[in-house]
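First comes the structure, then the notes that go with it.
The values are calculated or read from the model by the stated rules, or taken from the named source; none is laboratory data. Remember, it's a predicted structure, so these values are computed and weren't measured experimentally. In this analysis, Cβ positions are derived from the backbone assuming ideal geometry, glycine residues included, and neighbour counts consider all displayed protein chains.
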Amino acid sequence: MLQGYILTPQGFLRGRLHFSEAIEAIEEAPVDGPLILPGFLDLHVHGGGGREVMEGQEGVEATVRFHLRHGTTGLLATTVTAPLGSLEKALRGIREAMEGPLGKALLWAHLEGPFLNPGRLGAQPPFPLPPDREAAELLLSLAPVRVVTLAPELPGALELVRFLAERGVRVQLGHTEAGYEEALAALESGAMGFTHLYNAMTGLHHRTPGVVGLALERGRWAEAIPDGLHVHPAALKVALKAIPGLYFVSDAVAAAGMPDGTYPLGAHRVEKRKEGVWLGESLAGSTLTLDQALRNLVAWGIPLEEAARRLSWYPARYLGLSDRGEIAPGKRADLVVLDQGLKVLEVYLGGQRLV
């Protein structure tokens, strides 16, 4: 049992929360205590604590443990662009980790690539592949893949979008040089979202609206990185007004939680300098954790209730997960307990306290 200020679907309620593996009851009572929120869900995370998903099972499990300490009770283990052999190793590691003791915190895999535009790789390693159904079928056979990021302007991309959408995969547009019309064709073919909105895509211009313009005009879902480096807070607020299902991700890499220095990002070595991670002068993922994301969003004037929902309820709905993302009877007892400064005090996964 926990008591304090509980974020329910109806808003904050002062009372007691009864749970085992699942939420059993919410009892209103004149008690004091910490903030009790649904556990955060991170749909784009490459690593943390010096380890990364591309290492295989040990790297995946270390990534999960690191982010659990920061309130993330579910994540999509996210690959980077790499040769097929390296992707096979990572995906097998994700599948093995899902069968292990931390499997409850894995929401399957997010393939960021390899079907990306070679001219928009950013800090992605230089191993893009043209859209190819056979390669996609191989990758999907190795581990459950929930999200694929691709560039829709590449030859064969629309056919691949349709194939993936039919398989229940959420296709996101990213690392792309597509114009508005090419991106629109991908949405009409079954693509659903936009990867790290504003970054590694064609920007908004009043005569050439680009991928960003399409997202703001008719996007239903998109992810964004609220670290203060990838996107200005004002641009995030514009997206919040325009995109109903905007949710927030970390895009964290191995350097998250580590001192300044060099760390792996797939085949690259990237440099952590203060709060940023860089490949030369290009941002290379982030050091963000979702508890810090919550603090950032609130500091930028976004109400705590809305910020918390966009780190839990919204990503759950995007993935079609009905058993988590909110505190309500019958839902999984995946919880993060915070003090009034929004610092993590306790974390529960399936009712078991891990922090």
*Counting only residues that are under 15 Å from ARG309 (Cα atoms) and either among the hydrophobic types (A, V, I, L, M, F, W, C) or over 23 Å from the mean Cα position of the chain (by Cα) (or both), which one in segment 328-337 is surrounded by the fewest Cβ atoms within 10 Å (Cβ to Cβ)?*
ALA328
*Select from segment 224-257 the residues that are surrounded by 16 or more Cβ atoms within 10 Å (Cβ to Cβ) and not aliphatic (A, V, I, L, M) and list them in ascending order.*
PRO226, ASP227, GLY228, HIS230, GLY245, TYR247, PHE248, SER250, ASP251, GLY257
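When you scan segment 1-81 for strands (runs of 3 or more DSSP E) that lie fully inside it, which ones turn up with 3 or more residues that are closer than 27 Å to ARG95 by Cα and out of contact with any His (no Cβ under 6 Å at 6 or more places or on another chain)?
40-45, 72-79
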*From ALA157, ALA90, ALA151, grab the single residue that is crowded, with 24+ Cβ neighbours inside 10 Å, more than 23 Å from ALA267 (Cα to Cα) and hydrophobic (A, V, I, L, M, F, W, C).*
ALA157
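What do you reckon, is SER322 surrounded by fewer than 20 Cβ atoms within 10 Å (Cβ to Cβ) and out of contact with any His (no Cβ under 8 Å at 6 or more places or on another chain)?
It is true that SER322 is surrounded by fewer than 20 Cβ atoms within 10 Å (Cβ to Cβ) and out of contact with any His (no Cβ under 8 Å at 6 or more places or on another chain).
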*Specify the residue that is farthest from the chain's Cα centre (by Cα); the eligible residues are those in segment 4-62 that are β-branched (Val, Ile, Thr) and within 18 Å of VAL337 (Cα to Cα).*
VAL31
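Touching an Asp or Glu at 6+ places or on another chain (Cβ under 7 Å), outside any loop (DSSP other than H, G, I, E, B), modelled with pLDDT of 95 or more and hydroxyl-bearing (Ser, Thr, Tyr): which single residue out of TYR263, TYR247 fits that description? Step through it out loud before you land on a result.
On the way: TYR263 fails: touching an Asp or Glu at 6+ places or on another chain (Cβ under 7 Å).
On inspection, the qualifying residue turns out to be TYR247.
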*Look at segment 200-223 and say how many of its residues are in contact (Cβ under 8 Å) with a residue 60 or more places away in the chain and either under 25 Å from VAL277 (Cβ atoms) or buried (at least 24 other Cβ atoms within 10 Å of the Cβ) (or both).*
3
*Can you tell me how many residues in segment 179-199 are buried (at least 24 other Cβ atoms within 10 Å of the Cβ), touching a residue at least 40 places away in the same chain (Cβ under 8 Å) and over 13 Å from ALA239 (Cβ atoms)?*
1
*Selection within segment 276-301 - in contact with a strand residue (DSSP E or B) (Cβ under 8 Å, 6 or more places away or on another chain) and of a type in the set (Asp, Glu)*: ASP291
*asked:* With the requirement that a residue be closer than 22 Å to ALA82 by Cβ and buried (at least 20 other Cβ atoms within 10 Å of the Cβ), what does segment 269-296 give you?
replied: VAL270, LYS272, VAL277, LEU283, ALA284, GLY285, SER286, THR287
*If a residue has to be assigned to a loop (DSSP other than H, G, I, E, B), of a type outside the set (Gly, Ala, Ser) and surrounded by 16 or more Cβ atoms within 10 Å (Cβ to Cβ) to count, how many in segment 297-319 make the cut?*
3
*Search segment 22-50 for residues being acidic (Asp, Glu) and either touching a Pro at 6+ places or on another chain (Cβ under 8 Å) or within 29 Å of ALA256 (Cβ to Cβ) (or both), and hand back the single one that is surrounded by the most Cβ atoms within 10 Å (Cβ to Cβ).*
ASP42
*Are any residues in segment 304-330 in contact with a Lys or Arg (Cβ under 6 Å, 6 or more places away or on another chain) and within 20 Å of GLN3 (Cα to Cα), and if so, which ones?*
ARG324
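Quick one: would you say PRO152 is part of a loop (DSSP other than H, G, I, E, B) and either polar (S, T, N, Q) or free of Cβ contacts under 8 Å to residues at least 24 places away in the same chain (or both)?
Considered against the rule, which asks whether it is part of a loop (DSSP other than H, G, I, E, B) and either polar (S, T, N, Q) or free of Cβ contacts under 8 Å to residues at least 24 places away in the same chain (or both), PRO152 comes out as no.
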_Residue selected from segment 99-149 under the condition among the charged types (D, E, K, R) and not in a loop (DSSP other than H, G, I, E, B), by the criterion nearest to HIS175 (Cα to Cα)_ = ARG120
*asked:* Being over 15 Å from LYS104 (Cβ atoms), crowded, with 24+ Cβ neighbours inside 10 Å and in contact with a Gly (Cβ under 6 Å, 6 or more places away or on another chain) is the filter here; which residues of segment 54-86 pass it?
replied: MET54, VAL80, THR81
